[in-house]
């Protein structure tokens, strides 16, 4: 195993100089630093991250905590994670994914308290989030991709749900649709205070109310079966929806399948608009769905940058809210003529 002393001997400098050159603990002449780095690469030496953390109190590691469930990471969530990874790398940091349940405040502070992570980026934020509270009480620097219901003095980046759902309703209203339905995340998520589920529903209801339209909402299970059940409620039921706004990727596949099973064409009979999603997911259906694309990569990057700014000067920047962007597919069209369909 190559040691730091091996690098010092080959470079012809003191051991302390190698440490300073690699860890930045004190100034070192540029030529000397370059020589040390070249020798380190030549010998295949890697610094001991734990030792560096103890010496400098900066590990170079950021943790991203996400409650990974049985379905793992969706494609849309992966865009958030990739944006955060890229931003961390660009700033000379490493990002580690730290799966942790939303209500597990003790576990989420363990690694950060041990000094292995400089700060924590929290995703899937709930209105009352145990992880956020635990990290604050432990004195761990934290930034949020999402918002709690409290006025916390923390760095925050999030989707602008108000603007996004306004755009969704406006897109379908401009096509003549007046009978809309909204397929949100599962009722259990709403009951738990999952921020995106609650905020999206509120924003949808407000956008419909501004137009004098009835708001029909179904909280569907995160599965194709959940989408089928939601379709039965919104299309066959009293709403007689001619357009569906879907913010539930797994359920979205069931929505499209259920419409086909009824002999209803997308978009000629029923329009489907996928929100807070990804075009890569939308292309998996026939026809490809029109999408309000979640700004995952941009928000993941913005979250890391907000956390690093907080680490640098302890100053909290204003919240960053980014709306989703409309990406045209082939699943929305003018409202069909005639009155409500007969189930």
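The values are calculated or read from the model by the stated rules, or taken from the named source; none is laboratory data. What you are looking at is a predicted structure, and each value in this text was computed from that prediction instead of being measured. Positions of Cβ are generated from backbone atoms using ideal geometry, with glycine treated the same way; all protein chains shown enter the neighbour counts.
Here are a few things to note about the model shown:
- Test: residue in region 283-291 that is within 20 Å of the chain's Cα centre (by Cα) and under 21 Å from residue 199 (Cα atoms): yes
- Where residue 162 falls short, out of the listed (1) outside any strand (DSSP E or B); (2) in contact (Cβ under 8 Å) with a residue 60 or more places away in the chain; (3) touching a helix residue (DSSP H, G or I) at 6+ places or on another chain (Cβ under 6 Å); (4) farther than 20 Å from residue 332 by Cα: (2)
- Residue in region 116-131 that is free of Cβ contacts under 8 Å to residues at least 40 places away in the same chain and closer than 15 Å to residue 311 by Cα present: no
- In region 166-177, the condition of being surrounded by 22 or more Cβ atoms within 10 Å (Cβ to Cβ), under 20 Å from the mean Cα position of the chain (by Cα) and within 18 Å of residue 293 (Cβ to Cβ) is met by at least one residue.
- Candidate set: region 5-22, residues that are within 21 Å of residue 60 (Cα to Cα) and surrounded by fewer than 19 Cβ atoms within 10 Å (Cβ to Cβ); chosen: the one nearest to the chain's Cα centre (by Cα): 20
- Whether a residue is in a strand (DSSP E or B) and either closer than 30 Å to residue 269 by Cα or touching a helix residue (DSSP H, G or I) at 6+ places or on another chain (Cβ under 9 Å) (or both) was assessed, and residue 121 passes this test.
- Unmet requirement for residue 217, which otherwise passes all of (1) in contact with a strand residue (DSSP E or B) (Cβ under 8 Å, 6 or more places away or on another chain); (2) in a helix (DSSP H, G or I); (3) within 24 Å of residue 126 (Cα to Cα): (2)
- Of the listed requirements (1) on the phi > 0 side of the Ramachandran plot; (2) buried (at least 24 other Cβ atoms within 10 Å of the Cβ), residue 314 misses just one: (2).
- Taking the numbered list (1) surrounded by 18 or more Cβ atoms within 10 Å (Cβ to Cβ); (2) under 19 Å from residue 180 (Cα atoms); (3) in the same structural domain as residue 220 (by TED's automatic domain parsing) in turn, residue 260 passes all entries but (1).
- The set of residues from region 268-289 being surrounded by 24 or more Cβ atoms within 10 Å (Cβ to Cβ) and either closer than 24 Å to residue 214 by Cα or modelled with pLDDT of 95 or more (or both) comprises 270, 271, 272, 273, 274, 275, 276, 289.
- Scanning region 298-311 for residues that are surrounded by fewer than 18 Cβ atoms within 10 Å (Cβ to Cβ) and in contact with a helix residue (DSSP H, G or I) (Cβ under 6 Å, 6 or more places away or on another chain) returns no hits.
- Being under 12 Å from the mean Cα position of the chain (by Cα) and either at pLDDT 85 or above or not assigned by TED's automatic domain parsing to the domain that holds residue 133 (or both) is a description that does not apply to residue 38.
- Yes/no for residue 297 being outside any helix (DSSP H, G or I) and either under 16 Å from the mean Cα position of the chain (by Cα) or outside the structural domain of residue 86 (by TED's automatic domain parsing) (or both): no
- When region 6-27 is filtered for residues that are over 21 Å from residue 94 (Cα atoms), touching a helix residue (DSSP H, G or I) at 6+ places or on another chain (Cβ under 7 Å) and at pLDDT below 85, the ones remaining, listed by number, are 15, 18, 26.
- Unmet requirement for residue 169, which otherwise passes all of (1) free of Cβ contacts under 8 Å to residues at least 24 places away in the same chain; (2) in contact with a helix residue (DSSP H, G or I) (Cβ under 7 Å, 6 or more places away or on another chain): (1)
- Summed over region 75-101, residues that are modelled with pLDDT under 80 and out of contact with any helix residue (DSSP H, G or I) (no Cβ under 6 Å at 6 or more places or on another chain) total 1.
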